[in-house]
Every structure is written in C-alpha cells, then in structure tokens.
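> First the structure, which I've put down as structure tokens, then a few questions once you've had a look.
What follows is calculated from the coordinates using simple rules that are stated; it is not laboratory data. These numbers come from a predicted model, not from an experiment. Note that we place each Cβ from the backbone using ideal geometry, even for glycine, and neighbour counts take in every protein chain shown.
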Amino acid sequence: MNQNSDTASATNGASKSGGQRMEFDTLNEGTGEGADVSLDMILDVPVTLAMEVGRTRISIRNLLQLNQGSVVELDRAAGEPLDVFVNGTLVAHGEVVVINEKFGIRLTDVISPAERVRKLR
C-alpha cells in the first residue's frame, strides 16, 4: 500500500487490521438525556471512608524503635481540620467531635465534585 491509500483508509474509519473507528457521545453532567438514569444500582456499593489527622516520614530504624507511649510528630498543627477520604480521594475537611463517648467528625468543608474531578487529572 502507498501512503495515499493508508490515509484514505484511515479517513474512512477503517484501520489496517480491519477494525472500525468508534465515536462515543460525550457524558452529560446531570442534565439532558442522562439525567433520568437511576443511581439505585450503585447505592449499596461499599466504599472506604478514612479520616486523616496528619502524616510524617520516618526511617525504618525509628519505626522499629516505637513502643507503647511513643509520640510521633505529625505534619499538621493542633486545631487544623482533618482530611476525609473516600477510596483515597479527598472529599471533605472536618473537625473531631465526641458523641456519647465515641469519636466522630463534623464536616466543615466538602470538596465540590468538579474540584474532585480536576484533582484526578
């Protein structure tokens, strides 16, 4: 085949392997045709919710020296909001509360869906 026939084949939607080029419609963000789709099928899918107080990096030597009563300094100051992650994606910030002698978190700032998608890229 020469270069012109390759170009013609590609522009007609066929590849050298005989496959067809597929075009997909763009996804709607809650409006238009896709707005009526029910989310019932995914409402029972389990996700992992994690609250992060802070992080630090230490050597394995120092890690092995930790024992009961050891204090590990974190990268976050007292009073700063905690990070709330769902399946490893930051979705909110919050503060620790105690209710009936159990810890909880009061969400103070929820990341918008558009911002979450932007951070994935």
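> Once R0 is set to 41 Å, what does the formula 1/(1 + (r/R0)^6) return for the Cβ-Cβ distance between Glu80 and Ser38, expressed as a FRET efficiency to the nearest 0.05?
The calculated FRET efficiency here is 0.55.
> Can you figure out the FRET efficiency of Arg21 with Ala50, using R₀ = 35 Å and their beta-carbon distance, to the nearest 0.05?
0.25
> Report the calculated FRET efficiency for Ser112 and Val72 (r = Cβ-Cβ distance, R0 = 41 Å), to the nearest 0.05.
FRET efficiency, Ser112 to Val72: 0.80.
> Show me 75-87, 108-120, 38-50 ranked by packing, highest mean number of other Cβ atoms within 10 Å first.
Averaged packing, sorted descending, gives the order 75-87, 108-120, 38-50.
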